[in-house]
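Remarks on the structure that follows.
The values are calculated or read from the model by the stated rules, or taken from the named source; none is laboratory data. None of these values were measured; they are calculated from a predicted model. When we count neighbours, we look across all protein chains shown, and the Cβ atoms used for this are built from the backbone with ideal geometry, even at glycine.
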Amino acid sequence: MIARVLTMLLLAGTSASQADSAGSGVDYLTQIKPLLRERCFACHGSLKREGGLRVDTVALLKEGGDSGPSIVPGNAPESYLLERITAEDGDYRMPPAHEGEALDAKQIALLRRWIDAGSPAPANEKPEADPKDHWSFQPVVRPKVPVARDSTWPRNEIDHFIARQHRQKVLEPQAEANRLVLLRRLYLDLLGVPPTWEEISAAQADTSADWYERTVDRLLDDPRHGERWARHWMDIWRFSDWWGLRQQLRNSQKHMWHWRDWIVESLNDDTPYDEMIRQMLAADELYPDDLDKLRATGFLARNFNLFNRNQWMEEVVEHVSKGFLGLTMNCVKCHDHKYDPLEQADFYRMRAFFEPYQVRMDLVAGEVDTNRDGIPRVFDGWPDKQTYLFVRGEESKPDTTIDIQPGIPEFLSFDELEIEPVSLPLEAWQPQRRPWIEETYLADAQRKLRWATNTQQALQAKLDNVDASERDTPRTKVLRADLVRRQRQRDVAEAKLHSLRKTLAAMKAEWEIAGADVVEKKRLLAVKAERHVVLEKAREAVATAEYNLAKANEKAKTTVEKEVVKAKTALKKAEEAASKEVSPKDRYTPIAGARWSATRFNHTGRDDASIAFLPESTGRRSALAKWIADARNPLTARVAVNHLWTRHLDTPLVADVFDFGRKGAEPTHPDLLDWLAAEFVESGWSMKHLHRLIVTSATYRMGSSVVGRGSNLSKDPDNRSYWHRSPIRIESQVVRDSVLSLAGTLDSTIGGPSVPPKQQSASRRRSLYFFHSNNERSLFLTTFDDAAPAECYRREASIVPQQALALSNSRLVLDSVAKIASRISAETEDEETFIRRAFTLLLGIEPDGDEIAASRRAMRAWRGLDEGSEERTRANFVWALINHNDFVTLR
């Protein structure tokens, strides 16, 4: 017996010494290896073996590299590792100064003690696996669906995967939620608004076995579904309205709502996800003259930066990679990736796909002023623009010896990348040729002429009715001066319409390759007509100055008289210019079908030289889009289904939703993730198919209560195995929209321009349509963790006092509670029925006896207050329920 105990103690001591030498107080697995992994593996591990050295096992440390062994167990002073990490020369020190900070004194002491103790480590320590073997870099292969032992619980394939983990961890899944909870869950999840009383009543009265599935199909077909889920994808794709300094556009683009509307429509139409990717990245190459699809390129137009092209390009590379591929390629702008097999050059190869593109605003039918409306979209304006690697990521240090070409990371290559230039149709690069452009310009000019004519005629009628005794009064003199001004405005409008017609005739002559004489004749007429516009504008300026003089007081007359003289001098010059012969060099101004979004990269205080619309696009972005959206890409479908799953169930299958690389988390259910990814692709990349699968699963339909599941709680307190439904804090948009929907005041209009910040407090439109930018966001929405425009792959869920204050005191809530109470009261007579219906509508709860009794006591107290009318009492009760936690919680 004693021998056996001694043997056991000896073995135990041997095992301990593998990680912790007696007296050293250092544990290799928990203290040394994590330190080496964090600071050294990137350059001396499976990813790279600089200097021939790897440090991911103790055996490899002892073996060393080109400079010999790195450690001498039992002798720290003689260990090369200690020499390099303690060196004072920043270039000789490890890690080098340009790669990161030196190890601190505690870390160095830890390594020294471990080496002096003999460098103990576990036997058979395994080196790092090949980075290319990382799970997310492997092709998606549909796994076999496991068979659940309990055949009554699973409703579809999702549940069989979840049930397997329940079985492995001995977890009992929570029972299905009641019908009312399920209904509220579906409506808020799929539509973003709660069900009405009529919808609740119909569902509760439906005795058919497939009531739930039919409800799901109806909600997926509801146009509000696209509005609800558009906001999710807008978070991920970084939707932002324009922002800048005052009226100067510096970031994003005006009228970005066109892209937002494209997202809503695409989701409602169930446009395949791979097709959405292709359109967002390259609709201008794939569908060059389809304005509906060109709206999608707002995804790239959103990255516009007035002053800094490098920042623009960096953000494109970063968020295309994070959003579609789950790769943190922004990490390799300055150096090779520390975790993934990405070289610094890979960042610039990705940038090269986007290097040529610029942004322009295309006209829309009925509007010639792109300040009022237009479609922000992209085009290749710099086809020959070179891409250079920045040394250590510093844009002031481009390596101009190598012109980097577009390319994808080698380890993700599954086919040869083919980039073919795209010949564009005439109307794509000469958008003024679009047939409706002429009609739009003519209609606008005619509308302005009608306005000027009507204004002049109305003023003439006013003067005609002036009494004879008042015809020489100062007021009448001002009216006469104003009439002259209005006449001149009409003359300008008439001249513009005439000039427009001559311009259109000249342009058509050039397009139709008419005879040289015809082209020249029409050019002359167009130039003369344009000069006449300038002349009429000068005459209008004189009339305006004289009108200002007529109404000026004595103090202002001297200044205004100078303006009159100045205007008359300018008129004389215009008359001289108009009388000159037209020379062969004189050109007229053609109409535009699109306008380039000017940049100021040269920092001259003026716009950079304009960029022409070219007849050919590089084809780079369509090649990239094809690769990203290819079914063989191992990342695209996995990343997308993880986002969809997260937004339905709150807990992602991969915790780091934008980082599927080696630094990110491993999937909690890898087989389920791959099965969903394969199903997604094979369904034709149908998001509605995936929505339907998830929400009809037993996993989704479970109750959220953990009562009676103490054993489960002890085994899986974080619900990583999905044994119950996790309660979800509803997003800011759903909080606001729910209040308005319950009050019956939510504006159901779909699409259109964003609601400006100054109009939002009075607006009843869905929150999706609120102006949302880096500079201006709704305070109410921001209080409830609205998406940050710069980056929001997964929203925060904070609990702060301001949220309670917003639900208690905001004008939105205070204006709505009386309306909600009135709507409920209109269909109920007795107090108890009112209480029950209020609980049902606002919280999705069927109140028990205690809750009803407490509610009645509160209502009696409210009635006893001064001005405690029945209407106010019921409004107070609704107000109290809105401030209940369950109002902002999806159970």
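Scan segment 51-78 residue by residue and report those that are within 47 Å of the chain's Cα centre (by Cα), modelled with pLDDT of 85 or more and among the charged types (D, E, K, R).
R54
For (1) under 21 Å from V216 (Cα atoms); (2) modelled with pLDDT under 95; (3) among the charged types (D, E, K, R), each residue gets a yes or a no:
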position: W675; (1), (2), (3): no, no, no
position: S705; (1), (2), (3): no, yes, no
position: R709; (1), (2), (3): no, yes, yes
position: Q733; (1), (2), (3): no, no, no
position: R736; (1), (2), (3): no, no, yes
position: L740; (1), (2), (3): no, no, no
position: G752; (1), (2), (3): no, no, no
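Looking at segment 56-80 only, could you name the residues that are of a type outside the set (S, T, Y), without any contact (Cβ under 8 Å) to a residue 24 or more places away in the chain and crowded, with 18+ Cβ neighbours inside 10 Å?
The answer is G64, G65.
Tell me, please, whether a residue that is more than 29 Å from the chain's Cα centre (by Cα) and either in contact (Cβ under 8 Å) with a residue 60 or more places away in the chain or farther than 26 Å from F307 by Cα (or both) can be found in segment 619-636.
Scanning segment 619-636, I find no residue that is more than 29 Å from the chain's Cα centre (by Cα) and either in contact (Cβ under 8 Å) with a residue 60 or more places away in the chain or farther than 26 Å from F307 by Cα (or both), so the answer is no.
For the structure I just gave you, tell me whether I835 is surrounded by fewer than 17 Cβ atoms within 10 Å (Cβ to Cβ), more than 28 Å from R766 (Cβ to Cβ) and touching a residue at least 12 places away in the same chain (Cβ under 8 Å).
No.
When you go through (1) crowded, with 23+ Cβ neighbours inside 10 Å; (2) more than 20 Å from V181 (Cα to Cα); (3) not basic (K, R) one by one for T745, which number turns out not to apply?
Result: T745 fails condition (1) only.
Of all the residues that make up segment 82-108, how many are closer than 19 Å to L53 by Cα, over 38 Å from the mean Cα position of the chain (by Cα) and either touching a residue at least 40 places away in the same chain (Cβ under 8 Å) or in a loop (DSSP other than H, G, I, E, B) (or both)?
Going through segment 82-108 one residue at a time, the tally reaches 7.
Considering segment 153-190 alone, what residues qualify as being free of Cβ contacts under 8 Å to residues at least 60 places away in the same chain, crowded, with 23+ Cβ neighbours inside 10 Å and in contact with a helix residue (DSSP H, G or I) (Cβ under 8 Å, 6 or more places away or on another chain)?
Matches in segment 153-190: Y187 only.
Within segment 659-671, does at least one residue satisfy the condition of being more than 26 Å from the chain's Cα centre (by Cα) and not in a helix (DSSP H, G or I)?
yes
Return yes when Q247 is free of Cβ contacts under 8 Å to residues at least 40 places away in the same chain, farther than 27 Å from P753 by Cβ and out of contact with any Phe, Trp or Tyr (no Cβ under 9 Å at 6 or more places or on another chain) and no when it is not.
So Q247 does not fit the description; no.
Would you mention how many residues in segment 838-852 are in contact with a Ser or Thr (Cβ under 8 Å, 6 or more places away or on another chain) and surrounded by fewer than 17 Cβ atoms within 10 Å (Cβ to Cβ)?
Of the residues in that region, 1 qualify.
Yes or no: segment 359-380 includes at least one residue that is in contact with a Pro (Cβ under 9 Å, 6 or more places away or on another chain), surrounded by fewer than 19 Cβ atoms within 10 Å (Cβ to Cβ) and not hydrophobic (A, V, I, L, M, F, W, C).
yes
Looking only at segment 653-693, count every residue that is small (G, A, S) and either touching a strand residue (DSSP E or B) at 6+ places or on another chain (Cβ under 9 Å) or farther than 20 Å from S321 by Cβ (or both) and tell me the total.
4
T271: in contact with a strand residue (DSSP E or B) (Cβ under 6 Å, 6 or more places away or on another chain), among the β-branched types (V, I, T) and in a loop (DSSP other than H, G, I, E, B), yes or no?
No, not satisfied.
Considering only residues of segment 314-358 that are within 20 Å of the chain's Cα centre (by Cα) and assigned to a loop (DSSP other than H, G, I, E, B), which is surrounded by the most Cβ atoms within 10 Å (Cβ to Cβ)?
Here the answer is L327.
State yes or no: is V518 of a type in the set (A, V, I, L, M, F, W, C) and either over 26 Å from V565 (Cβ atoms) or in contact with a Ser or Thr (Cβ under 8 Å, 6 or more places away or on another chain) (or both)?
Considered against the rule, which asks whether it is of a type in the set (A, V, I, L, M, F, W, C) and either over 26 Å from V565 (Cβ atoms) or in contact with a Ser or Thr (Cβ under 8 Å, 6 or more places away or on another chain) (or both), V518 comes out as yes.
Do the conditions hold for S119, that is, is it touching a Leu at 6+ places or on another chain (Cβ under 7 Å), assigned to a loop (DSSP other than H, G, I, E, B), more than 30 Å from P667 (Cβ to Cβ) and among the small types (G, A, S)?
Spelling it out, it is not the case that S119 is touching a Leu at 6+ places or on another chain (Cβ under 7 Å), assigned to a loop (DSSP other than H, G, I, E, B), more than 30 Å from P667 (Cβ to Cβ) and among the small types (G, A, S).
I'd like the residue in segment 141-171 that is touching a Phe, Trp or Tyr at 6+ places or on another chain (Cβ under 7 Å) and of a type in the set (D, E) and, out of all such residues, is farthest from H689 (Cα to Cα).
Looking at the filtered set, the residue picked out is D159.
Mind counting the residues in segment 827-873 that are in a helix (DSSP H, G or I) and not small (G, A, S)?
Selection size over segment 827-873: 25.
Identify all residues within segment 596-614 that are surrounded by fewer than 16 Cβ atoms within 10 Å (Cβ to Cβ) and either in contact with a helix residue (DSSP H, G or I) (Cβ under 6 Å, 6 or more places away or on another chain) or not in a loop (DSSP other than H, G, I, E, B) (or both); write none if there are none.
Correct list: F601 only.
When the residues of segment 768-782 are narrowed to those that are buried (at least 19 other Cβ atoms within 10 Å of the Cβ) and free of Cβ contacts under 8 Å to residues at least 60 places away in the same chain, which ends up nearest to G374 (Cα to Cα)?
For segment 768-782, the residue satisfying everything is F770.
Answer yes or no: is there a residue in segment 118-134 that is within 30 Å of M702 (Cβ to Cβ), of a type outside the set (V, I, T) and in contact with a helix residue (DSSP H, G or I) (Cβ under 8 Å, 6 or more places away or on another chain).
Among the residues of segment 118-134, not one is within 30 Å of M702 (Cβ to Cβ), of a type outside the set (V, I, T) and in contact with a helix residue (DSSP H, G or I) (Cβ under 8 Å, 6 or more places away or on another chain), which makes the answer no.
Out of curiosity, is W262 out of contact with any Pro (no Cβ under 7 Å at 6 or more places or on another chain), without any contact (Cβ under 8 Å) to a residue 60 or more places away in the chain and buried (at least 18 other Cβ atoms within 10 Å of the Cβ)?
yes
So is R701 under 17 Å from S721 (Cα atoms) and among the basic types (K, R) or not?
Yes.
All but one of (1) farther than 23 Å from R764 by Cα; (2) without any contact (Cβ under 8 Å) to a residue 12 or more places away in the chain hold for A826, so report the exception by its number.
(1)
Residues in segment 225-247 that are more than 25 Å from E318 (Cβ to Cβ) and either touching an Asp or Glu at 6+ places or on another chain (Cβ under 8 Å) or not in a loop (DSSP other than H, G, I, E, B) (or both): how many?
4
Taking segment 289-307 as the search range and keeping residues that are over 11 Å from W262 (Cα atoms) and over 18 Å from the mean Cα position of the chain (by Cα), which one is surrounded by the most Cβ atoms within 10 Å (Cβ to Cβ)?
L306
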